[in-house]
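The values are calculated or read from the model by the stated rules, or taken from the named source; none is laboratory data. The model shown is predicted, which means the values in this text are computed figures rather than measured ones. Ideal geometry is used to build each Cβ from the backbone, glycine not excepted, and the neighbour counts take in all protein chains shown. Heavy atoms of the whole protein, side chains included, go into the accessibility calculation; ligands, DNA and RNA do not. Shrake-Rupley method; radii C 1.70, N 1.55, O 1.52, S 1.80 Å.
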Amino acid sequence: LVTLSAYESTPIKDILMEVSVLSGIDIEIDPSIDANIILRVTDKPLREVINRIARLANVRYSMRNGVLMVENDTPYIENYSVNILNLIRSSEGEISVNTSVLSSSVGSGGESGGGDSLSSGSSNAISLESDGDIWTSIEAGLNNIINSSSNEEENSTISRNISINRQAGLISIMGTSVQHADARDYLNKIIKQASSQVLIEAKILEIALDDQYAAGINWNGIFRSQGITVTGDFSTG
């Protein structure tokens, strides 16, 4: 547990050194870090204190062989595995209704076949189209997430910071630790939701059958060919 106070704008290096003394851990600080923060913590776990300092000062840290290493949060590359098939789903459908109530053509002499045409009816058609490309949606979502946590200078290189291999299900992102945390949370939710979805395709078919599709044995024909007479109706097979 760590307790310390910095009521005035204090260099982060001084605060980190104080944390090192209070917690008894070794520390290495990037000399290029130049940030001041105001902080007060009371009996808080070391990891929580370090997280708060890193967030305020825009730095990142790691533990290596028991040594706390703190550096500027510059962009770095991290690869993410996304086990989603590279499929693009599309479907089209059309529903049409044609109602004809009256249709006639009357000539000048009262005979049909010429003259004015009179018709009454309606025709309606509904076309349905849908497309599903989850990888395009994932890429757009990642771009929006990284854009929201980038400054204007970084926004111009966003398209080069995200690389997606759809066939291998691999996404490579270059960003800060904050951007990676947001991207990781987004991808975890996408994978969870996508893995719980099921694609169901239903088709309604109307089939009309008549006598030519009948199957069975024509007993009457067999009896006639053999000269056999049987009492009963076997026409239905």
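Let me spell it out: the conditions are (1) at pLDDT 85 or above; (2) in a helix (DSSP H, G or I); (3) open to solvent by 70 Å² or more (accessible area, probe 1.4 Å); (4) of a type outside the set (Lys, Arg), and Gln212 meets all of them except one. Which number is the exception? That leaves (1) as the condition not met. One residue stands out among those in region 77-90 that are open to solvent by 60 Å² or more (accessible area, probe 1.4 Å) and in contact with a strand residue (DSSP E or B) (Cβ under 7 Å, 6 or more places away or on another chain): the one that is nearest to Val19 (Cα to Cα), which is Ile77. Screening Thr42 with (1) over 39 Å from the mean Cα position of the chain (by Cα); (2) farther than 19 Å from Asn72 by Cα; (3) open to solvent by less than 80 Å² (accessible area, probe 1.4 Å); (4) modelled with pLDDT under 90 gives one miss only, at (4). Considered as a group, the residues in region 166-194 that are touching a residue at least 24 places away in the same chain (Cβ under 8 Å), among the small types (Gly, Ala, Ser) and in a helix (DSSP H, G or I) include one that is farthest from Ser137 (Cα to Cα), and that residue is Ser177. From the list Arg64, Arg60, the one residue that fits, being open to solvent by 70 Å² or more (accessible area, probe 1.4 Å), basic (Lys, Arg) and either at pLDDT 85 or above or more than 28 Å from Tyr7 (Cα to Cα) (or both), is Arg64. Those strands (runs of 3 or more DSSP E) of region 1-72 in which 3 or more residues are in contact (Cβ under 8 Å) with a residue 24 or more places away in the chain occupy 2-11, 26-29, 36-44, 67-72.
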